[in-house]
Every structure is written in structure tokens, then in C-alpha cells.
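Remarks on the structure that follows.
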Amino acid sequence: MIIDNIKNAAKYKGLNEYFDKAFEIIAAFAADTEDKKYIIDGEKAFINLSTYVNKNVSGCKFESHAKYADIQFVVTGHEYIDVCDTQGLSFTENNLENGDIAFYENPETYTRADLKPGDFVVLFPGEAHRPLVAPDGNGIKTKKAVVKVLL
């Protein structure tokens, strides 16, 4: 997991060619950027940009992926994303082979990423994460880019 701000994206240059391109694209996103899927390289790398009202933590689930890394970048709004290793977690739903997503029971311990505009978290396969958590518990309108990179 990496937690940082887009102004520091150059520190990660060369980590992955698709990460490099994604950071370049998301750095230009603004409140008025159209919500849609942005293709970097077919299904190998793409960005889903969406605006939504995030939720009380009780309505959010831990999930993980086996094939794709995520870069979750807050354009506007504010969101918590909780993160932990999947080792020792119990599945509530496992669709890793067919849909590259699994859901888990809530773990006892996790790290919380506090993402404000310009902040991002990089989540690698095997890292469980609980996105969409409203810091105020009631929901905040948030525009977020989720970059998917096949590893």
C-alpha cells in the first residue's frame, strides 16, 4: 500500500508504466471532468471516474483483488479507505477467479487512509480495502478516480 498526494507522484515514476500514465491523467482531473471510463490500454489499464455520496462505515465492505492493483484518487470530497492484508480474513463472497473481487468479514485491525482532494492510495493484489467510508459518518459528495492496472 502507498498513501500519498498527487504532487508527489514523480517519486513513483518507473514503478509501473501504467501507473506513470495513470498519474499523468488523474492529475488533470477536476470537479467538472466527465464521469466515465477512461481507457489507458484496454483491459490492462483503465480509470473509472465517478461522483457519489460515500457511506457510513457500517454500509461498506472490505474487498480485494487478485489480478488488478487499484489507485484510488480523490478529486473532490473526502473519503476514508481502510486497508489490511487478506491473510487470515474470512470470505463473505469469493469471486476472485471470475470477477477479480472478493469480500470479507471486517478484520479486528486495519490502517485508515484519510483521503482529501489530491490524495491517493495504491492497493496491490492481496491487500483488502474498505472504500467509500464517509469521514463524518453521514456521507459526503465525492468524485474519485479508481485506476485499475493488471499486474
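The values are calculated or read from the model by the stated rules, or taken from the named source; none is laboratory data. What you see is a predicted model, and the numbers here were worked out from it, not measured in a lab. Every residue, glycine among them, receives a Cβ derived from its backbone with ideal geometry; neighbour counts consider all protein chains shown. Ligands, DNA and RNA are stripped out before the accessible areas are found, and what is left, the full protein with its side chains, is counted by its heavy atoms. Shrake-Rupley method; radii C 1.70, N 1.55, O 1.52, S 1.80 Å.
Within the range 78-93, is there a residue that is loosely packed, with under 15 Cβ neighbours inside 10 Å, in contact with a Ser or Thr (Cβ under 7 Å, 6 or more places away or on another chain), more than 25 Å from ASN16 (Cβ to Cβ) and at pLDDT 95 or above?
No; the residues of the range 78-93 include none that is loosely packed, with under 15 Cβ neighbours inside 10 Å, in contact with a Ser or Thr (Cβ under 7 Å, 6 or more places away or on another chain), more than 25 Å from ASN16 (Cβ to Cβ) and at pLDDT 95 or above.
Open to solvent by less than 60 Å² (accessible area, probe 1.4 Å) and in contact with a Leu (Cβ under 9 Å, 6 or more places away or on another chain): is that true of ALA45 in this structure? Show your work before the answer.
Values: open to solvent by less than 60 Å² (accessible area, probe 1.4 Å): yes; in contact with a Leu (Cβ under 9 Å, 6 or more places away or on another chain): yes.
Yes: the conditions hold for ALA45.
Can you tell me how many residues in the range 33-77 are in a strand (DSSP E or B) and of a type outside the set (A, V, I, L, M)? Show your work before the answer.
Initial filter on the range 33-77 (in a strand (DSSP E or B)): 37-41, 45-53, 55, 62-64, 68-76.
Okay, now just the ones that are also of a type outside the set (A, V, I, L, M), so 37-38, 41, 46, 48, 50-52, 55, 62-64, 68, 70, 72-73, 76.
Qualifying residue count, the range 33-77: 17.
Could you list, in sequence order, all residues of the range 22-42 that are closer than 15 Å to TYR52 by Cβ and of a type in the set (Val, Ile, Thr)?
The one that is closer than 15 Å to TYR52 by Cβ and of a type in the set (Val, Ile, Thr): THR33.
Out of the residues in the range 7-39 that are open to solvent by 50 Å² or more (accessible area, probe 1.4 Å), out of contact with any helix residue (DSSP H, G or I) (no Cβ under 6 Å at 6 or more places or on another chain) and of a type in the set (Gly, Ala, Ser), which is farthest from LYS148 (Cα to Cα)?
ALA31
Which of the residues that make up the range 41-54 are touching a residue at least 24 places away in the same chain (Cβ under 8 Å) and over 15 Å from the mean Cα position of the chain (by Cα)? Give the steps one after another, and end with the answer.
Filtering the range 41-54 down to residues touching a residue at least 24 places away in the same chain (Cβ under 8 Å) leaves 43-54.
GLU43, LYS44, VAL53 - these are the residues of the range 41-54 that are touching a residue at least 24 places away in the same chain (Cβ under 8 Å) and over 15 Å from the mean Cα position of the chain (by Cα).
Pick from ALA134, ALA113, ALA66: which is among the small types (Gly, Ala, Ser) and within 13 Å of the chain's Cα centre (by Cα)?
On the way: ALA134 fails: within 13 Å of the chain's Cα centre (by Cα); ALA66 fails: within 13 Å of the chain's Cα centre (by Cα).
Within the list ALA134, ALA113, ALA66, the selection yields ALA113.
Take the range 24-45 and flag every residue that is in contact with a strand residue (DSSP E or B) (Cβ under 8 Å, 6 or more places away or on another chain) and under 30 Å from ASN138 (Cα atoms).
Listed by number, the residues that qualify are ILE26, PHE29, ALA30, ALA31, THR33, GLU34, ASP35, LYS36, LYS37, TYR38.
List the number of the failed condition for LEU96; all other conditions in (1) under 16 Å from the mean Cα position of the chain (by Cα); (2) farther than 23 Å from SER58 by Cα; (3) open to solvent by less than 40 Å² (accessible area, probe 1.4 Å) hold.
Tallying (1) under 16 Å from the mean Cα position of the chain (by Cα); (2) farther than 23 Å from SER58 by Cα; (3) open to solvent by less than 40 Å² (accessible area, probe 1.4 Å), LEU96 fails exactly one: (1).
Of all residues in the range 27-42, which are farther than 20 Å from ASP119 by Cβ and of a type outside the set (D, E, K, R)? Even if it seems obvious, please write down each step before you answer.
Going residue by residue through the range 27-42, those that are farther than 20 Å from ASP119 by Cβ are 34, 36-37, 39-42.
Matches in the range 27-42: ILE39, ILE40, GLY42.
What's the number of the condition GLU97 fails, among (1) closer than 19 Å to LYS148 by Cα; (2) modelled with pLDDT of 95 or more?
So GLU97 meets the others, but not (2).
Among the residues of the range 104-124, how many are touching a Phe, Trp or Tyr at 6+ places or on another chain (Cβ under 8 Å), in a strand (DSSP E or B) and either open to solvent by 40 Å² or more (accessible area, probe 1.4 Å) or without any contact (Cβ under 8 Å) to a residue 40 or more places away in the chain (or both)?
Going through the range 104-124 one residue at a time, the tally reaches 2.
Output the number of residues of the range 125-145 satisfying the condition of being buried (at least 16 other Cβ atoms within 10 Å of the Cβ) and outside any loop (DSSP other than H, G, I, E, B).
Qualifying residue count, the range 125-145: 11.
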